[in-house]
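**Student:** First the structure, which I've put down as structure tokens, then a few questions once you've had a look.
The values are calculated or read from the model by the stated rules, or taken from the named source; none is laboratory data. Being a predicted model, the structure only gives us computed values, none of them experimental. Quick reminder, even Gly has a Cβ in these numbers, built from the backbone with ideal geometry, and neighbours come from all protein chains shown. Just so you know, the surface numbers come from the protein's heavy atoms only, side chains and all, with ligands and any DNA or RNA stripped out. Shrake-Rupley method; radii C 1.70, N 1.55, O 1.52, S 1.80 Å.
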Amino acid sequence: MKKIFLYAFSLCLLVTSCDSFLDTENLTKKDSSNFPKTEADIQSALTSIYDELRHATDGEEGQQFYISAELLSDDRFGGGGPDDRRAAALDQLLKSDENMFADPWRQNYRGIYRANFLLEKLDGIDASETAKKQARGEACFLRAYFYFQLCQMFGTVPLSVTTKAENLPRASKEKLYAQIATDLKTAIECLPATPYSTSDASQLGRANHWAAEGMLARVFLFYTGYYNEEALPLTDGTLTRDDVIRYVDDCVANSGYALVDDFRSLWPYANEYTGKDYDYVKGNNLHWIGESGANTESMFTIRYSAQASWNDGSAYRNNRVCLYMTPREGADMMTNFPYGLGWGWGTVNSKTYTDWPSGDLRRDASIMNVDKEMPNYTWGNDKQMNETGYWSKKYAAFNCIDDDGSSVNFYRKIYSTLDPDYQLNNIQDIYVLRFADVLLMQAELKHDAAPMNRVRHRAGLPDVAYSDENLRNERHWELAFEGLRYYDLLRWHIAGDVLQNNQNNVRVKDNLVDEPMDFSGIKARIEATQGLLPLPKTQIDLSNGMLKQNPGWGNESLKQ
């Protein structure tokens, strides 16, 4: 069974101000004078940091790293309804308003503050050195992850490694990535190199030695690629490509992680409840590997909870990504089967489907073709925009047919206490890092086809020689719809051309009106902004002029 996280601590203990610069002021009664004191307190403090991974759309729609990364890529269009201006604007790298990304800014800095708080207090806590070392590794991993998200989205941002409230300017890219890399290196050194075992599910969703090695490779590839650098800075030196290769080789050889046998078993649509009435699952005899420890490919995930509720402010505990990325409501629940209900963001680019190489099982494992698989599908549900007839299967609400013939979210069959509100039903893990990605990073770092071909073999494909083109294609097809594509394109310096060539003039239906997508200006927008997003105006204002807006973000707004 999926582990249920109860996070009462994180909801009250480290609540932060929404008005203070970087949202780092601790306003609760429980403070550094009485917390943390014990080993149990360490776990509570760690829980509060992990809790920030799940936050999305605190105040406004669609403000979340994964959703933003997907809508920015060439694989998705904005979708949604006519009033979903943020989706439409993000798709075109434009603004719908001045604070489109206020929530992920606050979320990441809350996580950073909570990590800083624990790291400052660790030495004085009455706990074993083993427990403190473990906590240091996890907190450093999470702080690195939060800063990396900020840097990918906004370029350079203020750098704070203390809980002191300061009005800070942007740090240089060298200082930011030095801190990120040093934190990941600390995590590698602090977290035990214990091989993963499917018999121990107690650490699911927590950072470990191997995830830190894999994440360091991702940071290295992005930093050196995007900024055209040869090495990754540390606070006291540098990490070369050879250094990172040693970490990745160690991860591949010794971590205990491995590819699961069938790519399709990674995704919840293959669950037994949906599968009994979903021909694709039945016809291919698919079985979901689940989220309880058997998945040897899942290295670090964002875990969600069956305890989400509107009553106590914990709605964010469910997976909002699946809600956003599912087709819009039809006349009845069977209209979308095997999907449930959602808000229709991120319609899949039909060119992604037609360009996918024939014979690659991952195409139909990753993309729903409504003409082939959804006999009751109705076009134009709830004024759906950018409709192509293709939807992603990886992160979406999936239903099953209940005993009374009704269509219900399959998770309700697993967890009887799950809230029946479809907006709270989705608790699918999100993969932050899986073993297939580590293999592809190993291939890219070493210019070695062997790890890449391991991934291809799993998809039933023959060997290919190593080339940048083959590696890039393999990352595209293996990792499509996992929030990585856009930032891969940026670091390879091909984003402008790819986004324009793959999206311009693709035919869609906007509320049943047949129209071409206009991406004729996207290459110029990438060049003007360097692919970065605008800083929230609220943060610029709070900084009293210390922060300046990113280049390319003046009055570039979505037309009314």
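**Student:** Being of a type in the set (S, T, N, Q), surrounded by 23 or more Cβ atoms within 10 Å (Cβ to Cβ) and part of a loop (DSSP other than H, G, I, E, B) narrows it down to one residue among Asn311, Asn295, Asn285; which is it? Please lay out each step first, then the result.
**Tutor:** Details: Asn311 fails: surrounded by 23 or more Cβ atoms within 10 Å (Cβ to Cβ); Asn285 fails: surrounded by 23 or more Cβ atoms within 10 Å (Cβ to Cβ).
That would be Asn295, the only listed residue that is of a type in the set (S, T, N, Q), surrounded by 23 or more Cβ atoms within 10 Å (Cβ to Cβ) and part of a loop (DSSP other than H, G, I, E, B).
**Student:** Exactly one of these conditions fails for Met546: (1) in contact (Cβ under 8 Å) with a residue 24 or more places away in the chain; (2) over 25 Å from the mean Cα position of the chain (by Cα); (3) open to solvent by less than 60 Å² (accessible area, probe 1.4 Å). Give me its number.
**Tutor:** Answer for Met546: the failing condition is (3).
**Student:** Moving on to the next point. Search segment 150-166 for residues that are among the charged types (D, E, K, R) and pair each with any residue that is part of a loop (DSSP other than H, G, I, E, B) and at pLDDT below 95 when their beta-carbon atoms are under 9 Å apart and the residues are at least 6 apart or on different chains.
**Tutor:** Within 9 Å, the pairs are Lys164/Thr24; Glu166/Thr24.
**Student:** Hey, another quick one. Somewhere in segment 210-228, is a residue basic (Lys, Arg), in a helix (DSSP H, G or I) and surrounded by 15 or more Cβ atoms within 10 Å (Cβ to Cβ)?
**Tutor:** The answer is yes; a qualifying residue exists.
**Student:** Out of the residues in segment 166-181 that are open to solvent by less than 30 Å² (accessible area, probe 1.4 Å) and out of contact with any Phe, Trp or Tyr (no Cβ under 9 Å at 6 or more places or on another chain), state the one that is nearest to Glu230 (Cα to Cα).
**Tutor:** Among those that are open to solvent by less than 30 Å² (accessible area, probe 1.4 Å) and out of contact with any Phe, Trp or Tyr (no Cβ under 9 Å at 6 or more places or on another chain), it is Ala178.
**Student:** Please indicate, with yes or no, whether at least one residue in segment 509-516 is under 29 Å from Glu444 (Cβ atoms) and among the acidic types (Asp, Glu). Don't jump to the end; show me each part of the working.
**Tutor:** From segment 509-516, those under 29 Å from Glu444 (Cβ atoms) are none; that's our starting set.
The answer is no; no qualifying residue exists.
**Student:** Only residues that are over 20 Å from Val248 (Cβ atoms) and open to solvent by 40 Å² or more (accessible area, probe 1.4 Å): list them for segment 465-492, please.
**Tutor:** Ala465, Glu469, Asn473
**Student:** Among the residues of segment 378-411, what is the count of those that are touching an Asp or Glu at 6+ places or on another chain (Cβ under 8 Å), open to solvent by 10 Å² or more (accessible area, probe 1.4 Å) and not in a strand (DSSP E or B)?
**Tutor:** Here the count works out to 6.
**Student:** Hey, can you tell me all the residues within segment 505-530 that are open to solvent by 60 Å² or more (accessible area, probe 1.4 Å) and over 29 Å from Cys151 (Cα atoms)?
**Tutor:** Asn505, Arg507, Lys509, Asn511, Leu512, Val513, Asp514, Glu515, Pro516
**Student:** Got a sec? Which of Gly205, Gly256, Gly225 is on the phi > 0 side of the Ramachandran plot, modelled with pLDDT of 95 or more and touching a Phe, Trp or Tyr at 6+ places or on another chain (Cβ under 8 Å)?
**Tutor:** Gly256
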